[in-house]
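All remarks here apply to the structure that follows.
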Amino acid sequence: MTPRQSPVQLARAVVVSAVALALLAYASAVPWSYHSGHAARLRLSWSARPERIETCRTLSEAELAARPAHMRQRVECEGHAATYLLRVSVDSQLVNESVVHGAGLRNDRPMYLLRDVDVAPGTRRIRVSFTRREQTDDDAAAFAPAAASDADTGMYAGRAQREATERARRAGAAVPAQLVIDTTLTFADRGVHVITFDPERRSLQVSRGALERSTSPPTVPHDY
Amino acid sequence: MQRLARLTRRCLTALDAIASRVYGWPWNPLHQSGTVAVAMLLALVGTGIYLLLVYRLGAPADSVARIAADPWLGSWIRTLHRYASDLFVLAAALHAARMFAQGRDWGPRTLAWVSGVLLLLLGLLCAWTGYVMAWDTFGERLAREGARLLDVLPVFSEPLSRIFAGDGAVPSAFFFVNLFAHIVLPLGAGVGLWLHVSRLARPTLLPPTRVMWSILGALTVASVLWPAALGSAADAFTLPLSTPLDLVAAWWLPLSERMSAGAAWSVASVIFIALLLVPRFNRRPRTGAWAPSHVDTRLCTGCNQCPQDCPWDAITMVKRDDDRPTLVAHVDASKCVSCGVCAGSCAPMGVGPLGRSGRDQLSVLRTRILPEITAQPSAIVAVCCAQAPASHIAALRARGAAIHDVPCVGNLHSSVVELLVRQGARGVIVCGCPPRDCVGREGPKWLGERFYAQREAELQPRVDTARVWVATLATGDLAGTLSTFDDFAQRVAALPSPDREHDVQLQAECEPVAAAAPATAPATAPATAPATAPATAPAQ
Ligand code: HEM
Ligand code: SF4
Ligand code: SF4
């Protein structure tokens, strides 16, 4: 009932299988173009907290006394997270201008920024600015230690100072009102430079990875 | 949908024809696509365990490059892992296409279909995470695309894409989560596979030994000869000109990269939902050819054979509601796919879908084919499965055979063949499909056992078996069909002219089958039940 295979059929089966497998092997790693040979990229990538734009008010003794004990805060602030204007120019030409705001429904979470800007390889003057859009009159109230009062005695001793320190800490954790980097970068063919916000130096920096590579050019095989 | 199914069927028939011609139908790998996918899953687990032992989370690209550079083990095992994953995807897609083309995708098969779609999706996701593990330019490309797609979902507070931006090293937590997914997904596939075949009786999980080892051997040779390409290590500061792309397991990547993330999600969701809804679109009213099987309790002797034969475990033996001492068969319509295999399993002809029980088959025979034999006594009757290729049937007809078609040879009651022979047919050749391509799953298998191995509802010894032959009609093997027919025709031509019996009495007896048969069941239940429907069916 089961047909037997002749040597010719067997040979045919072997040849067809070999062709099918060669096709499978080819299909499993087809060279697929990704980027053009004459391209380079400027990448902006950072995360930072937006500032809070607040209007602060020092409460009077009477107002403070009217609050429940655990809500007695000498300086009361109301506000929202700031938004920022990102401007990127390459060789003095503006190539990207966009508004960036914090994540989350109320935009008060950290901002995550990731932008890829195509540039032509070569030496380019790059200017990136990241500027708070909201004008604030004077943040003095937020930073100034509130005057000590009777309410700051006993278990509340030094509270006004603590509040001021906390507000200052929050302000310090936020991105500065203006960040600018103006630099000249050399882009190799298919090279990428990354500009990032360095929270320690509180400034925009060019990531070292690409710079290191520019001293020893990438040894990437031509096809992959 | 029906038109698409017909088109798919036509394409598969063409492919089947080529494969049967090249390998011979018993080893046609296309008939084995579901089981080949299982074999590939096993190969993936085997090779995956080795790769897991030598992979280093702390230096993914380096460790994979080292594996690829090891000519003794690493290179071919890694390549085999990749080729097996490609073949898994191909085999699963072919298997799905076959199920769709054969209309095996609705009703009680819905669970198999839906879990199959999920299995295929798991396979693609697993390949995705596997490539990312290698962290070459292709892995990075896949990771970037994955991050881009995930970033539009309101799931992660920080965009995942920043992981690969280059302002810091890719965190090892990323590779850990990816590895975790690459291990958990196949475990999910294992559970999915269990679910996939959970409704089937006796699921066949592996291809025939020869097919399985040939495929594994051939893949291994290919892995040695053509090691899979590895891109250079991923580098956030260099834009690769091109990357290797797996067009089988990551065919979607070039399409997805050309779309916005929202559009890619929409297209993927539409495809996914459309696939899940196929059983809904393809379902038929459970009447006529699609009516579930039905037990005539007056005829059922409680022999417990049909539950043994049903490929979908749709029949159980239950208590009778009359005073007879046996159990009675009961069909669960929600599990019955109307394959009709039970009709061939019941000696007293008490079960079968509407119009297809043994009794119905005999009455069709009397009106349709017996007059033809009476008119042309030397004719050979070819009892053919309705799924058989039309060209083969036409060729048999051209050879002078009288064609009698049945929905599946597994439905065929042996009494039909007995009646044909005793009514003077020169010979009866029963033509089924290749066993692994049977829409009723086990039709040719049970037919063979009923005719040659005394399986219950067997061909009675009083039938001159020299005049009976079981053949396989395989797409692409017309020559085989014709030579089998010609051989048989020659053999029966050498036999004396058949005697035509008048008043043929077909004794339908069945013996209880051990498993669930009640102790009280009579050893030989005379198929006598009611006078109104005698189990001994007189011819004409
Ligand atoms: C991805 C891996 C898959 C594997 C390993 C697999 C494996 C199997 C196996 C072993 C069987 C049992 C065959 C038998 O005993 O007759 C089966 C049946 C089935 N599979 Fe799959 N399958 C896969 C994917 C799919 C897909 C993607 C679909 C459809 C979308 C599908 C639909 C079905 C159906 C409907 C059946 C029931 C067949 C019948 O009615 O006789 N499978 N599968
Ligand atoms: S037709 Fe008969 S054998 Fe087929 S699934 Fe239904 S009960 Fe089972
Ligand atoms: S007689 Fe046997 S095969 Fe027929 S219906 Fe009853 S249990 Fe099933």
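So if I take the centroid of the Cα atoms in segment B:103-175 and the same for segment A:1-76, what is the distance between those two points in Å?
One Cα centre to the other: 8 Å.
Write down the accessible area per residue of the protein assembly as shown in Å², having rolled a 1.4 Å probe over the full set of protein chains.
Details: 35660 Å² over 764 residues.
It amounts to 47 Å² per residue over the protein assembly as shown.
Rounded, prolate or oblate: which one fits segment B:240-368, using the alpha carbon gyration tensor with axes a ≥ b ≥ c (rounded when a/c is under 1.5, else prolate when a/b beats b/c, else oblate)?
In terms of gyration-tensor shape, prolate.
Which number comes out as Rg/Rh for segment A:1-98 once both Rg and the Kirkwood Rh are worked out on C-alpha atoms?
1.58
Largest first, please: the extent of the C-alpha atoms of segment B:358-509 along each principal axis, to the nearest Å.
That gives 41, 32, 26 Å along the principal axes, largest extent first.
Do any trypsin sites (Lys or Arg not before Pro) in segment B:213-306 lie in a loop, going by DSSP, with at most 10 other beta-carbon atoms within 10 Å of their beta carbon, and if so which?
For trypsin sites (Lys or Arg not before Pro) across segment B:213-306 that sit outside H, G, I, E and B with at most 10 neighbouring Cβ atoms in 10 Å, the list reads B:R258.
Using only the alpha carbons, work out the radius of gyration and Dmax of the protein assembly as shown in angstrom.
Here Rg and the maximum Cα pair distance are 37.3, 127 Å.
Taking both sides together, what accessible area is buried at the B/A interface, probe 1.4 Å, expressed in Å² and rounded to the nearest 100?
4400
Quick one: plug the Kirkwood hydrodynamic radius of segment B:159-291 (C-alpha pairs) into Stokes-Einstein at 10 °C, 1.306 mPa s, and report D in µm²/s.
Rounded, D is 78 µm²/s.
May I ask you to list, by number, the DSSP H helices of chain B whose Cα span along the axis is at least 20 Å and whose average Kyte-Doolittle hydropathy reaches 1.6 or more?
Taking the DSSP H segments of chain B (at least 20 Å long, mean hydropathy at least 1.6), we get B:33-54, B:110-134, B:261-276.
Calculate what fraction, in whole %, of the accessible area of the protein assembly as shown sits on carbon and sulfur atoms when a 1.4 Å probe is rolled over the protein chains.
Working: 21800 of 35660 Å².
Carbon plus sulfur share of accessible area: 61 percent.
If you add up the charges near A:E200, with Lys and Arg at +1 and Asp and Glu at -1, over every other residue whose beta carbon is less than 15 angstrom from its beta carbon, what do you get? If you can, show how the numbers build up before the last one.
On the way: positive: A:R49, A:R201, A:R202, A:R208; negative: A:D198, B:D167.
My count for the surroundings of A:E200 gives +2.
Quick check: Cα centre of segment B:355-419 to Cα centre of segment B:216-275, how many Å?
51
How much of the calculated P(r) for segment B:349-421 lies past 13 Å, in percent of all Cα pairs?
That tail contains 65 percent of the Cα-Cα pairs.
For segment B:110-178, state the semi-axes of the equivalent ellipsoid (square roots of 5 times the eigenvalues of the alpha-carbon gyration tensor), sorted largest first and rounded to whole angstrom.
Its equivalent ellipsoid spans semi-axes of 27, 15, 9 Å.
Across 20 Å bins from 0, what is the distribution of all Cα-Cα pair distances for chain B, in whole percents?
Using 20 Å bins, I get a P(r) of 20, 43, 26, 11, 1 for chain B.
With the dipole of the protein assembly as shown worked out from charges on the C-beta (+1 for Lys and Arg, -1 for Asp and Glu) around the Cα centre, which of B:P353, B:G188, B:T326 lies farthest toward the positive end?
The Cα lying farthest towards the positive end belongs to B:P353.
Determine the distance separating the Cα centre of segment B:479-508 from the Cα centre of segment B:188-210; give it in Å without decimals.
39
Once R0 is set to 51 Å, what does the formula 1/(1 + (r/R0)^6) return for the Cβ-Cβ distance between B:A289 and A:S36, expressed as a FRET efficiency to the nearest 0.05? Please report the intermediate quantities before stating the final value.
Values: r = 59 Å, r/R0 = 1.15.
Efficiency, rounded to the nearest 0.05: 0.30.
Take B:V267 and B:A466, extend 7 Å from each Cα along the Cα→Cβ direction, and tell me the distance between the two endpoints in nm.
It works out to 6.7 nm between the two label points.
Run the simple label-point estimate for B:L495 and B:R66 please: 7 Å along Cα→C-beta, distance reported in nm.
According to this spin-label approximation, the distance is 7.2 nm.
Which positions within segment A:96-126 get 30 Å² or more of their accessible surface covered by the other protein chains, compared to the chain by itself, with a 1.4 angstrom probe?
Listed in order, they are A:Y112, A:L114.
Starting from the 7 Å offset along Cα-to-Cβ, what nm value, one decimal, do you get for the label separation of A:A69 and B:A453?
8.8
Write down the radius of gyration of segment A:25-73 and its Dmax, each obtained from C-alpha positions, in Å.
29.6, 82
At a Förster distance of 30 Å, what's the computed FRET efficiency of B:S378 paired with A:Q5, Cβ-Cβ distance as r, to 0.05?
My answer for the efficiency is 0.30.
With a 1.4 Å probe and all protein chains in place, put B:D16, A:D108 in order of accessible area, largest first.
Numbers: B:D16 10, A:D108 55 Å².
The ranking, largest first, comes out as A:D108, B:D16.
The values are calculated or read from the model by the stated rules, or taken from the named source; none is laboratory data. Quantities reported herein were computed from a predicted structural model and do not represent experimental measurements. All Cβ positions, glycine included, derive from the backbone under ideal geometry; neighbour counts span all protein chains shown. Ligands, DNA and RNA are stripped out before the accessible areas are found, and what is left, the full protein with its side chains, is counted by its heavy atoms. Shrake-Rupley method; radii C 1.70, N 1.55, O 1.52, S 1.80 Å.
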